[in-house]
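Take a look at the structure set out below.
The values are calculated or read from the model by the stated rules, or taken from the named source; none is laboratory data. All figures in this text were calculated on a predicted structure; none of them were measured in a lab. Cβ atoms come from the backbone with ideal geometry, glycine included; neighbour counts cover every protein chain shown.
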Amino acid sequence: MNWPRPGGLSSLRRKRCRCEIGERHIAAAILLVSIFCCLTVPAHAQYREHALPTASRAGDLQIGGGLILGASDYNFNSVHLIGGAAYTTFDARAHWGGEFNFHQSQPTSDSTVYERTYEVGPRIYLDHERIAPYAKIMYGRGIYNFHNTVANLAYNMYTFGGGADFAITRSLNLRADYEYQNWVGFPLGTLHPSVGTIGIAFHFHE
């Protein structure tokens, strides 16, 4: 493992702190904007076909997967991530639902390291023609495989995120998703990966 020079430790910590604060503000802003939009939707708004009221449908389901591109850090060293994701959403009510996702990614510079996550949580979304922007808060478990598999440890984690689903056809949705993850109790401070996903999902409909 590459440790920072003693003289540069405080500087690296300050840079990391500023980066983490900025990313937290972005995630919080996405969530607050989405909540505000949901609260201001007129009562007479018309919903998309895939978000009909529960009186006519039991719920709305989609299952998909995608490509992960992101950034992470360990021991004050930033790395680029690449990997794959699987996700499913179930919306039991208009504008409200839940999501489960699985991520597997690794640094482009070290194939012996990987980050694997399992997350579940509530989400809120809006419908605007063919686009459904959303925000989510998730909780789960993250598994970190250290360099050369010297250790493989699991940590609790929580996530703030958001994105949008785009209806390509009646049965296919394209997704652009962003997550800011917080791995609790990670060595040398909490791990904060930033993960972006481009995916496609099959939408179940009547």
> Looking at (1) in contact with a strand residue (DSSP E or B) (Cβ under 6 Å, 6 or more places away or on another chain); (2) surrounded by fewer than 16 Cβ atoms within 10 Å (Cβ to Cβ), which is the one condition that is false for Gln181?
Replying inline: (2)
>> For region 72-91: of the residues being of a type outside the set (Val, Ile, Thr), buried (at least 16 other Cβ atoms within 10 Å of the Cβ) and modelled with pLDDT under 95, which is farthest from the chain's Cα centre (by Cα)?
In response: Phe76
> Among Arg130, Arg93, Arg123, which is more than 16 Å from Leu174 (Cα to Cα) and in contact with a strand residue (DSSP E or B) (Cβ under 6 Å, 6 or more places away or on another chain)?
Replying inline: Arg123
>> Between a residue in region 111-127 that is modelled with pLDDT under 95 and any residue that is charged (D, E, K, R), which pairs come within a Cβ distance under 7 Å, given they are 6 or more apart or on different chains?
In response: Asp127/Arg48
> His103: closer than 19 Å to Gly65 by Cβ, part of a strand (DSSP E or B) and at pLDDT below 95, yes or no?
Replying inline: no
> Of all residues in region 186-206, which are of a type in the set (A, V, I, L, M), farther than 21 Å from Ala167 by Cβ and modelled with pLDDT of 95 or more?
Replying inline: Val195
>> I'd like to check something: does region 137-159 contain any residue that is farther than 21 Å from Gly185 by Cα and in contact (Cβ under 8 Å) with a residue 60 or more places away in the chain?
In response: no
> Taking the stated definitions as given, is Gly98 small (Gly, Ala, Ser), touching a residue at least 60 places away in the same chain (Cβ under 8 Å), in a strand (DSSP E or B) and more than 20 Å from Ser194 (Cβ to Cβ)?
Replying inline: no
> Can you name the residue in region 131-163 that is in contact with an Asp or Glu (Cβ under 8 Å, 6 or more places away or on another chain), among the small types (Gly, Ala, Ser) and over 22 Å from Asn77 (Cβ atoms) and is also surrounded by the most Cβ atoms within 10 Å (Cβ to Cβ) among such residues?
Replying inline: Gly161
> Here is a list of conditions, (1) under 30 Å from Ala94 (Cβ atoms); (2) surrounded by 18 or more Cβ atoms within 10 Å (Cβ to Cβ), and Ser171 meets all of them except one; can you say which number that is?
Replying inline: (2)
> Does at least one position in region 141-160 carry a residue that is small (Gly, Ala, Ser) and under 18 Å from Gly64 (Cβ atoms)?
Replying inline: no
